[in-house]
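**Student:** One structure follows; several queries about it will come next.
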Amino acid sequence: MSISANYSAYIRWGSVAVWATCIFVVSAVPGSSIPGHYGNLAHFAEYAILAILLLRALEIRRRSLPAWISSVLLASAYGVSDELHQLFVPLRVSDPVDWMRDTVGAAAGVACYLLVVRLVRRHGPASER
């Protein structure tokens with residue numbers, strides 16, 4: 001692996017770590033202290049982003065499972081750990097439905113990302129037309 005590939009891997013995995021930390025920090029806020037309504041869309045969006053970041057990091061090397069499957073599985077597993085974490089946070093609850101929202105968000109995020117990549121590859125950037 002070249003130096004630029006190593007740098008790219010650090011950036012990509014660093015982005016995953018930063019985003020996962022953001023999810024953890026928000027989950028650690030006691031329920032009554034969270035500003036606004038933290039609902040379905042938030043779970044969906046945060047795990048869509050996590051899965052896309054995981055996909056980009058996993059695309060660097062090919063594994064036995066396709067990167068898109070691995071990224072959804074890893075994001076879903078992180079969702080499980082997040083729900084377990086919330087068992088220990090005052091005024092928060094662990095909800096399997098939230099985990100399902102996390103997983104659906106991860107799958108939708110990866111699907112949208114792959115669709116955009118496919119469209120860009122098929123039609124090329126606007127500057128090439």
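The values are calculated or read from the model by the stated rules, or taken from the named source; none is laboratory data. From a predicted model like this one, the values you see are computed outputs, not experimental measurements. Virtual Cβ from ideal backbone geometry, glycine too; neighbours counted across all protein chains shown.
**Student:** For residue 41, indicate whether it is assigned to a helix (DSSP H, G or I), of a type outside the set (Gly, Ala, Ser) and modelled with pLDDT under 90.
**Tutor:** yes
**Student:** Let me ask something else. If you scan the range 62-117, which residues turn out to be over 18 Å from residue 49 (Cα atoms) and either aliphatic (A, V, I, L, M) or assigned to a helix (DSSP H, G or I) (or both)?
**Tutor:** Listed by number, the residues that qualify are 65, 84, 85, 86, 87, 88, 89, 91, 93, 96, 97.
**Student:** Keeping to the range 70-129, report how many residues are touching a Ser or Thr at 6+ places or on another chain (Cβ under 9 Å), touching a residue at least 40 places away in the same chain (Cβ under 8 Å) and surrounded by fewer than 14 Cβ atoms within 10 Å (Cβ to Cβ).
**Tutor:** Summing the residues that are touching a Ser or Thr at 6+ places or on another chain (Cβ under 9 Å), touching a residue at least 40 places away in the same chain (Cβ under 8 Å) and surrounded by fewer than 14 Cβ atoms within 10 Å (Cβ to Cβ) in the range 70-129 gives 2.
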